[in-house]
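Note sheet for the following structure.
Bear in mind these aren't lab numbers, they're just calculated from the coordinates by the rules spelled out. Here the structure is a predicted model, which is why all the values come from computation and not from measurement. Backbone-built Cβ (ideal geometry, glycine too); neighbour counts: all protein chains shown.
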Amino acid sequence: MKMSGRLAQLDVWLLSNAAHQAKRLLCAHLDRTGLRMQHYRVMAGLTELGECTQAELGRALELDAGNLVALLGDLEEARAVTREPDPANRRRNLVRCTPQGRRLYRRMDEAVARADEAMFASFSEEERDQFHQLLARLVAAAD
């Protein structure tokens, strides 16, 4: 939809439209891996945290426990992660990334990078850096 008039004057509207475009691009690129944005979120979190409890991962990613269980189930099915009872507390599950999961995460990360490149192809490197800083500031202020 071409925006003109009042909508084109509203930064919040433009940002919302850009976010919608970014999500479409991101989903299209990640679809080629067979997984979705939320799977990437879990794999990125697990890569950063390393082995952790399911509860720790959920808190770090601010994901509802039910949603995390479903996502981890998908990732287990893809042989990307394993869940095993924590020897220190059998009521908790430890989540680990598998070698196949690390390969899958690299493929997903490459897909995300391609989406990022496509979204910001019209920006110079300096503009991308500035835009990133402004977005980070906007997100931090919203928190």
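Extension gain, A118 to D143: 0.36 nm times the residue separation minus the Cα-Cα distance gives 6.2 nm. The C-alpha atoms of the chain define a longest principal axis, and helix 65-77 lies at about 80 degrees to it.
The fewest-to-most ranking of V69, V112, V42 by surrounding Cβ atoms within 10 Å reads V69, V112, V42. Working from label points 7 Å from Cα in the Cα-to-Cβ sense, the R41 to H20 distance is 2.0 nm. Here are labelled values, (1) 0.93; (2) 1.05; (3) 0.97, and one is the computed Rg/Rh (Cα atoms, Kirkwood Rh) for what I pasted. Which one? Correct label, based on the coordinates given: (2).
Under 5 Å from the amide H of C52 lie the amide H atoms of V95, each residue being 5 or more positions distant or on a separate chain, with H modelled from the backbone and absent for Pro and chain starts. Computed from Cα positions, the angle between helix 99-119 and the longest principal axis of the chain comes to roughly 10 degrees.
Which part of segment 95-125 falls in the paramagnetic zone of R79, meaning amide N under 20 Å from the point 7 Å along Cα-to-beta-carbon? Output list for this probe position: 95-109.
Centroid-to-centroid, using Cα positions, segment 1-65 and segment 71-125 are 14 Å apart.
Averaging over every viewing direction, what projected area does the convex hull of the Cα atoms of segment 33-115 cover, in nm²? Present the calculation step by step, with values, prior to reporting the outcome.
Working: hull surface 20.6 nm².
If you wrap the Cα atoms of segment 33-115 in a convex hull and average its projections, you get 5.2 nm².
For segment 33-115, what does the relative contact order come out to in percent, with C-alpha contacts under 8 Å and a separation of six or more? List each step's numbers first, then the result.
On the way: 90 pairs, mean separation 28.3, N = 83.
Once normalised by length, the contact order is 34 percent.
Between A80 and any residue 5 or more places off or on another chain, the built amide H atoms are never under 5 Å apart.
Quick one: net charge around V95, please, counting Lys, Arg +1 and Asp, Glu -1 for every other residue with C-beta under 11 Å from its C-beta.
Details: positive: R83, R92, R96; negative: E51, E56, E76, E84, D86.
Neighbour charge sum, excluding V95 itself: -2.
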